[in-house]
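Chemist: Please read through the structure below; I'll follow up with questions.
The values are calculated or read from the model by the stated rules, or taken from the named source; none is laboratory data. What you see is a predicted model, and the numbers here were worked out from it, not measured in a lab. Cβ sites come from the backbone with ideal geometry, for glycine too, and all protein chains shown count toward neighbours.
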Amino acid sequence: MIMQVFCDYCKQGIVGNYTISEGKNYHIFCFENHIQLKCSYCKHGITGQYLLDDWGNKVCGTHQLKQCSSCNRIIIDNTKLTLVNERYYCSNCMVSAINNTNALQSSYSKIISLFNQHGIQNVPATVPVNIVDEKTLRLNAKHVSAPNLRGFALTSYTRQGYLSAKIFSHTIYILSGMPLIEFESVLAHELLHTWLNQNEIKMSTQETEGFCNLGSYLVLSKANTKHASILFRSMIENPDINYGVGFRNMLKDLGKKGWHKLVSDVKGTKKSFW
Ligand SMILES: [Zn+2]
Ligand SMILES: [Zn+2]
Ligand SMILES: [Zn+2]
Ligand SMILES: [Zn+2]
């Protein structure tokens, strides 16, 4: 008597060789394609530890492939890997890489109107934005020790006229090569720095960076894409005492107060510090 063997995946009978795994029988095809984890890189079944990204790529932990510094994608094809300013980018992110100010105005206006809608008024509207390499960014932001620095805002003032009123002048530096969505989230953060400075609002570093990250948060939630949510997750999981803890505190505050109350409270901490 021949005992019929059935595949536990497709429930059909099996003729010939088959695979037994954890006490169950499978067609070799069904096992390899549906049961066993398949590596996106070597195309073999994964046996040991593996790496998973948000885009459905799984690879054997032994391959040491790079992940995109922006969207977190595991870069399967090394020929499509680009290294810019010490960061790795996948080909998807490179498509929208920002390396000059050609399209700056549309990003800038979009952010200003987003801020206006949330009660942040009179954000400096004509700040020069320099898109620079990592070396230049570090050079201009010499007193900032943030790891993975992607942007920096500089404010100075002169006194003018009979009442010697302060005339503020701001400059923003942003790391070149980032994809558009990440570029805009950094620009929003830096623009909030200029707004705080323009209004002479002095808070702790933790509160300041936390508040400015709300600008990035606005841009990312407005975009509402998978890439944006990955960038948001890296902010929310940031262990840094200022950028991470400060941001989580501000989000909590925002949840309690809403935008308009939060912004008016922030303006209430105003102190002359220049
Ligand atoms: Zn089967
Ligand atoms: Zn593999
Ligand atoms: Zn990417
Ligand atoms: Zn900042």
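Conditions tested, residue by residue: (1) modelled with pLDDT under 95; (2) within 16 Å of ligand 3 (Cβ to nearest atom); (3) not charged (D, E, K, R).
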| position | (1), (2), (3) |
| --- | --- |
| Leu175 | no, yes, yes |
| Leu187 | no, no, yes |
| Gln206 | no, no, yes |
| Glu209 | no, no, no |
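Chemist: Could you tell me whether region 157-166 includes any residue that is charged (D, E, K, R), surrounded by 22 or more Cβ atoms within 10 Å (Cβ to Cβ), assigned by TED's automatic domain parsing to the domain that holds Ile111 and touching a Phe, Trp or Tyr at 6+ places or on another chain (Cβ under 9 Å)?
Modeler: Applying the first criterion (charged (D, E, K, R)) to region 157-166 yields 159, 166.
Narrowing further to those that are surrounded by 22 or more Cβ atoms within 10 Å (Cβ to Cβ): none.
No, every residue in region 157-166 fails to be charged (D, E, K, R), surrounded by 22 or more Cβ atoms within 10 Å (Cβ to Cβ), assigned by TED's automatic domain parsing to the domain that holds Ile111 and touching a Phe, Trp or Tyr at 6+ places or on another chain (Cβ under 9 Å).
Chemist: Of everything in region 218-261, what is within 20 Å of Val95 (Cβ to Cβ) and out of contact with any helix residue (DSSP H, G or I) (no Cβ under 9 Å at 6 or more places or on another chain)? Give them in sequence order.
Modeler: Asn224, Lys226, Ile230
Chemist: Here's something else I'd like to know. Take residues that are farther than 30 Å from Gly258 by Cβ and more than 16 Å from ligand 1 (Cβ to nearest atom) and tell me which of the strands (runs of 3 or more DSSP E) falling wholly in region 1-120 contain 3 or more. Steps first, answer last, please.
Modeler: On the way: elements: 19-21, 24-26, 50-52, 58-60, 82-84, 87-89.
Answer list for region 1-120: 50-52, 58-60, 82-84, 87-89.
Chemist: Still on this model: Could you look through region 32-48, keep only residues that are out of contact with any His (no Cβ under 6 Å at 6 or more places or on another chain) and at pLDDT 90 or above, and pick out the one that is farthest from ligand 2 (Cβ to nearest atom)?
Modeler: Residue satisfying both the conditions and the ranking: Ser40.
Chemist: Being hydrophobic (A, V, I, L, M, F, W, C) and closer than 24 Å to Ser234 by Cβ narrows it down to one of Ile167, Ile174, Ile112, so name that one. I'd like the intermediate steps shown before the answer.
Modeler: Working: Ile167 fails: closer than 24 Å to Ser234 by Cβ; Ile112 fails: closer than 24 Å to Ser234 by Cβ.
Just a single option satisfies the conditions, and that option is Ile174.
Chemist: Could you list, in sequence order, the residues of region 119-143 that are surrounded by 14 or more Cβ atoms within 10 Å (Cβ to Cβ) and free of Cβ contacts under 8 Å to residues at least 12 places away in the same chain?
Modeler: Once the filter is applied, which keeps residues that are surrounded by 14 or more Cβ atoms within 10 Å (Cβ to Cβ) and free of Cβ contacts under 8 Å to residues at least 12 places away in the same chain, region 119-143 yields only Arg138.
Chemist: Inspect all residues belonging to region 37-53 and state whether any of them is touching a residue at least 40 places away in the same chain (Cβ under 8 Å), within 16 Å of ligand 3 (Cβ to nearest atom) and either under 30 Å from Val132 (Cα atoms) or exposed (fewer than 12 other Cβ atoms within 10 Å of the Cβ) (or both). Break it down into steps so the answer makes sense when it comes.
Modeler: Going through region 37-53, the residues touching a residue at least 40 places away in the same chain (Cβ under 8 Å) turn out to be none.
Scanning region 37-53, I find no residue that is touching a residue at least 40 places away in the same chain (Cβ under 8 Å), within 16 Å of ligand 3 (Cβ to nearest atom) and either under 30 Å from Val132 (Cα atoms) or exposed (fewer than 12 other Cβ atoms within 10 Å of the Cβ) (or both), so the answer is no.
Chemist: Ok, one more. Is at least one residue of region 151-172 within 12 Å of ligand 4 (Cβ to nearest atom), in contact (Cβ under 8 Å) with a residue 12 or more places away in the chain and either within 22 Å of Arg73 (Cβ to Cβ) or within 15 Å of the chain's Cα centre (by Cα) (or both)?
Modeler: Yes: one or more hits.
Chemist: Ok, one more. Answer yes or no as to whether Tyr89 is near ligand 3 (Cβ under 8 Å from one of its atoms) and either closer than 15 Å to Leu231 by Cα or aromatic (Phe, Trp, Tyr) (or both). Before the answer, list the steps.
Modeler: On the way: near ligand 3 (Cβ under 8 Å from one of its atoms): yes; either closer than 15 Å to Leu231 by Cα or aromatic (Phe, Trp, Tyr) (or both): yes.
So Tyr89 passes the test.
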